[in-house]
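Bear in mind that the values in this text are calculations on the coordinates, not laboratory data. Predicted model only: the values in this text are computed from it and were never measured. For neighbour counting, all protein chains shown are included, and Cβ atoms are generated from backbone atoms with ideal geometry for every residue, glycine included.
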Amino acid sequence: MASKKFNAEYYEFLAERIRDHDRDAFTELYHETCSSLYQYAFYFLKDTQLAQDALQEVYISVYKNIDSLKTNRLLIPWMKQITYHVCCDFARKNTSIARHENSASLEAFADSLADTSDDFQRVYDEDLYQLLQKSLSELPHAVKMAFLLRYVNGLKLEEVADFLECSLSSVKRYINTAKKHLQKKILQYHL
């Protein structure tokens, strides 16, 4: 079994059988690849249930779209690409839900601001939260997403760059822009 794991011809053969709607081949592919794809999804999403759900979407997508695979030799890289995009979608959905779900996100948001600079005070004030939400909405989408992914979702800078599909320096620039903008708005609020 271990020799199959890195055998391109084996995966090429499985891809051909899956194109012919061979369910046994698909089951075999699942058993050979699910562990590594799950580990990637879990690393990316940092949630067991989300990773399992994402993995299910990956295999549904593979089965439905196998005919779009250009060459059978690229089955594994193609599956990894699908996994990445599915995880990005799940993370985006989860970020959106988390921001609006309950007051715990307000607390996390305020805590993250308090930790970023001395100019930010620890607050749980609804008016300030609304000001922050309004101020964030004034920012370009990439700047807002970089800030939220970093300080609300706790992603590392490299993970934010992967998620936004941009360079690490762009992420740093986006976050600094957001901080300066929010700092200015908060200072005006306190005056």
Query raised in the report: Got the relative contact order for segment 2-79 handy, in percent, Cα pairs under 8 Å and 6 or more residues apart?
Result: 40 percent
Report task. List, in order, the whole-Hz ³J(HN,Hα) value for each residue of segment 31-46 obtained from phi through the Karplus relation with A = 6.51, B = -1.76, C = 1.60 and θ = phi - 60°; use x for Gly and Pro. Result -> 5, 7, 10, 4, 5, 5, 5, 5, 4, 5, 4, 5, 4, 6, 8, 6
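Taking 0.36 nm per intervening residue step and subtracting the Cα-Cα distance, what contour gain separates ALA8 from LYS70 on full extension?
Working: separation 62, 0.36 × 62 = 22.32 nm, distance 1.49 nm.
Roughly 20.8 nm would be gained on extension.
Based on the Cβ-Cβ distance of GLU16 and SER170, what FRET efficiency does E = 1/(1 + (r/R0)^6) give at R0 = 41 Å, to the nearest 0.05? If you can, show how the numbers build up before the last one.
Values: r = 41 Å, r/R0 = 1.00.
Result of the calculation: an efficiency of 0.50.
Just how large is the dipole of segment 20-74 about the Cα centre, in debye to the nearest 20, putting +1 at every Lys and Arg Cβ and -1 at every Asp and Glu Cβ? Please list the in-between numbers first.
On the way: 5 positive and 9 negative charges, 48 e Å.
Dipole about the Cα centre, nearest 20: 240 debye.
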**Report entry** Simple spin-label estimate for LYS134 and GLN81 in nanometres, 7 Å along Cα-Cβ
**Finding:** 4.5 nm
Report task. Rounded to whole Hz and in sequence order, give me ³J(HN,Hα) for segment 81-94 from the Karplus expression 6.51 cos²θ - 1.76 cosθ + 1.60, θ = phi - 60°, writing x for Gly and Pro. Result -> 5, 4, 4, 4, 5, 5, 5, 4, 4, 5, 5, 4, 4, 5
